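Contents: one structure, followed by commentary.
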Amino acid sequence: MVEPEENIVVVTLGENSSRWRAVPRVRTVVTLRRASVSGRRAGSLALGLGLDALLVALKVTLTTRRGMLLATNPWIGASLSLMSRRPLAVTGIFAAPGSRSWRILRWILRKDLVIAVASVEAQNWRRAGGRATAVLYGNEFPYSGLRTVDNDGSPLRIFVGGTSDRDQDLLEELEKKVIASSEPTILTVAVGGPPGHVTGDSGGEVIRYPQMSQESFGQLMRGSDIVFLPLMEGSRAAGHMLIVGALQLGVPVVCTPCSGMAEYADGKFVRTVPGHDLIAEIRMAAADAPSPSEAHDYWRSHFDRDTYTARVVGAIFDAESRS
């Protein structure tokens with residue numbers, strides 16, 4: 001059990017170490033200066049994350065002796081759990097129950113506290129015999145500005161981005177509907193793959209972009225009226241990073257129903273649509289959307305980086321006080 005006066009050592013590969021240091025009860029932050037920015041080494045994500053996680057865990061064991069450890073990535077947590085007997089909490093699971101990664105993490109982190117970003121993830125982890133709680137995700141991405149609002153009858157601008165647990169069949173259906181639409185609609189798709197541009201007879205456009213930098217991704221999203229998340233039903237969080245990034249830019253979000261993201265849909269800034277008549281449902285949500293400043297303020301009060309770090313640290317002490 002972590003006593004209230006005992007502080008936490010945050011172990012991360014991210015560039016936001018100063019934000020963690022500002023959180024009460026965080027004594028220090030240990031990071032790796034030369035961590036791979038892309039997460040890959042020699043073209044391999046597994047090698048990049050695995051090696052960096054191992055190196056930063058080794059650095060912790062050599063430089064700190066006291067305090068509970070908080071790993072900001074499950075693979076950092078796995079390395080720490082194998083190297084140290086100190087109390088450990090881990091943020092995120094990022095794996096579906098039953099998958100190879102999930103089984104490995106579940107075996108290594110079987111006694112450690114997992115802080116998931118979706119209630120369904122925490123429930124699945126506890127059901128398998130582990131310790132877990134959940135908090136809402138938050139972050140501040142390298143994006144700038146807020147979306148602009150057009151009131152001159154311009155085409156509806158829909159943005160679809162990211163790859164995790166996206167329903168590709170539903171996305172293809174939306175693309176076809178946009179091309180065939182009788183109302184001017186522009187669908188921007190940033191999910192990787194080859195670029196493309198298709199225009200329908202009535203002015204509907206589908207523009208596909210290849211993989212790009214985070215900054216360029218944010219610029220595309222800022223130029224939309226609404227973000228659409230075509231999610232497959234699953235048992236893990238998917239789309240939470242996109243939701244947070246969109247709200248930071250003042251862009252509202254609509255998504256298909258998904259238990260992994262249920263607590264993120266508030267009904268105003270993030271709405272679910274049944275998907276029976278996609279364009280009509282998205283258009284209606286965009287017409288009734290809050291202003292960019294309202295959406296940004298909602299992000300600031302619910303999903304910014306400082307709010308998230310405080311939630312994580314608070315969840316650790318709440319969980320430890322009950323154990």
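The values are calculated or read from the model by the stated rules, or taken from the named source; none is laboratory data. In this text the structure is predicted, and so the values were computed from the model without any measurement. Ideal geometry is used to build each Cβ from the backbone, glycine not excepted, and the neighbour counts take in all protein chains shown. What goes into the accessible areas is simple: the full protein's heavy atoms, side chains included, and nothing from ligands, DNA or RNA. Shrake-Rupley method; radii C 1.70, N 1.55, O 1.52, S 1.80 Å.
Table for the structure above
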{"item": "Output for the stretch 243-266, where each listed residue is in a loop (DSSP other than H, G, I, E, B), open to solvent by less than 50 Å² (accessible area, probe 1.4 Å) and more than 19 Å from residue 221 (Cβ to Cβ)", "result": "258"}
{"item": "Flag for residue 137 being closer than 16 Å to residue 220 by Cβ, of a type in the set (Ser, Thr, Tyr) and outside any helix (DSSP H, G or I)", "result": "no"}
{"item": "Qualifying positions in the stretch 269-294 - among the charged types (D, E, K, R) and within 18 Å of residue 174 (Cα to Cα)", "result": "271, 277, 281, 283"}
{"item": "Residue in the stretch 24-40 that is at pLDDT 50 or above, among the β-branched types (Val, Ile, Thr) and in a loop (DSSP other than H, G, I, E, B) present", "result": "no"}
{"item": "From 80, 136, residue being touching a helix residue (DSSP H, G or I) at 6+ places or on another chain (Cβ under 6 Å) and either modelled with pLDDT under 95 or among the hydrophobic types (A, V, I, L, M, F, W, C) (or both)", "result": "80"}
{"item": "Residue within the stretch 165-178 that is surrounded by fewer than 17 Cβ atoms within 10 Å (Cβ to Cβ) and either small (Gly, Ala, Ser) or closer than 18 Å to residue 252 by Cβ (or both) present", "result": "no"}
{"item": "Restricting the stretch 212-242 to residues that are among the acidic types (Asp, Glu) and open to solvent by 40 Å² or more (accessible area, probe 1.4 Å), the residue that is nearest to residue 172 (Cα to Cα)", "result": "233"}
{"item": "Search result, residues across the stretch 287-297 that are surrounded by 18 or more Cβ atoms within 10 Å (Cβ to Cβ) and either touching a helix residue (DSSP H, G or I) at 6+ places or on another chain (Cβ under 6 Å) or more than 17 Å from residue 143 (Cα to Cα) (or both)", "result": "289, 295"}
{"item": "Test set (1) under 20 Å from the mean Cα position of the chain (by Cα); (2) in contact (Cβ under 8 Å) with a residue 40 or more places away in the chain - residue 297 fails condition number", "result": "(2)"}
{"item": "Residue that is farthest from residue 304 (Cα to Cα), among those in the stretch 122-163 that are crowded, with 17+ Cβ neighbours inside 10 Å and among the hydroxyl-bearing types (Ser, Thr, Tyr)", "result": "133"}
{"item": "Those strands (runs of 3 or more DSSP E) lying entirely in the stretch 148-207 with at least 1 residues without any contact (Cβ under 8 Å) to a residue 60 or more places away in the chain and not β-branched (Val, Ile, Thr)", "result": "185-190, 196-199"}
{"item": "Qualifying position, being under 30 Å from residue 246 (Cβ atoms), surrounded by 19 or more Cβ atoms within 10 Å (Cβ to Cβ) and touching a strand residue (DSSP E or B) at 6+ places or on another chain (Cβ under 6 Å), among 88, 80, 70, 105", "result": "70"}
